[in-house]
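Trainee: Quick one: structure below, then a few questions.
The values are calculated or read from the model by the stated rules, or taken from the named source; none is laboratory data. Every value quoted in this text rests on a predicted model; they were computed, and no experiment measured them. A quick note on method: Cβ atoms are made from the backbone with ideal geometry, for glycine too, and the neighbour counts reach across all protein chains shown.
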């Protein structure tokens, strides 16, 4: 069962990003990245975000800020992420309910899990 994925991110290409960052001041990433988490600090999803954020920060040479936006089963964070510029600086750690179930339950959802976001990788799977 898929529990948590990170979307609209660069985790799988961190080494390439790090190499590009060393090429010049305008190379990506040139500013801190944010990982949005749709759940409260201290929970399982937050823990994964902090572990990944720390390692990603080391690899790309930029700070990675974890921003918790709890509420509505993660939909508040997803809606906020969808409203941000698609520049690779705002990442979303989306749980299966936020990314798969919500679109089936809420017909007027302001984002579409597969059209609004670009999934990067699965970071955890557990029952």
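Trainee: From the list 5, 17, which residue is in a strand (DSSP E or B), modelled with pLDDT under 95 and either in contact with a strand residue (DSSP E or B) (Cβ under 7 Å, 6 or more places away or on another chain) or crowded, with 17+ Cβ neighbours inside 10 Å (or both)?
Mentor: The conditions single out 5.
Trainee: If residue 108 meets every condition in (1) at pLDDT below 90; (2) more than 13 Å from the chain's Cα centre (by Cα); (3) within 22 Å of residue 56 (Cα to Cα) apart from one, which number is that one?
Mentor: All conditions pass for residue 108, except number (3).
Trainee: Which residue pairs have Cβ atoms under 9 Å apart, sit 6 or more places apart or on different chains, and have a first residue in the range 53-71 that is at positive phi and in contact (Cβ under 8 Å) with a residue 24 or more places away in the chain and a second that is surrounded by 15 or more Cβ atoms within 10 Å (Cβ to Cβ) and assigned to a helix (DSSP H, G or I)?
Mentor: Listed pairs, sorted by first residue: 61/18; 61/21; 71/77.
Trainee: While we're looking at this one, here's another question. For the subset of the range 114-127 comprising residues that are touching a residue at least 60 places away in the same chain (Cβ under 8 Å) and outside any strand (DSSP E or B), which member is farthest from residue 28 (Cα to Cα)?
Mentor: Step by step, filter the range 114-127, then rank; the result is 127.
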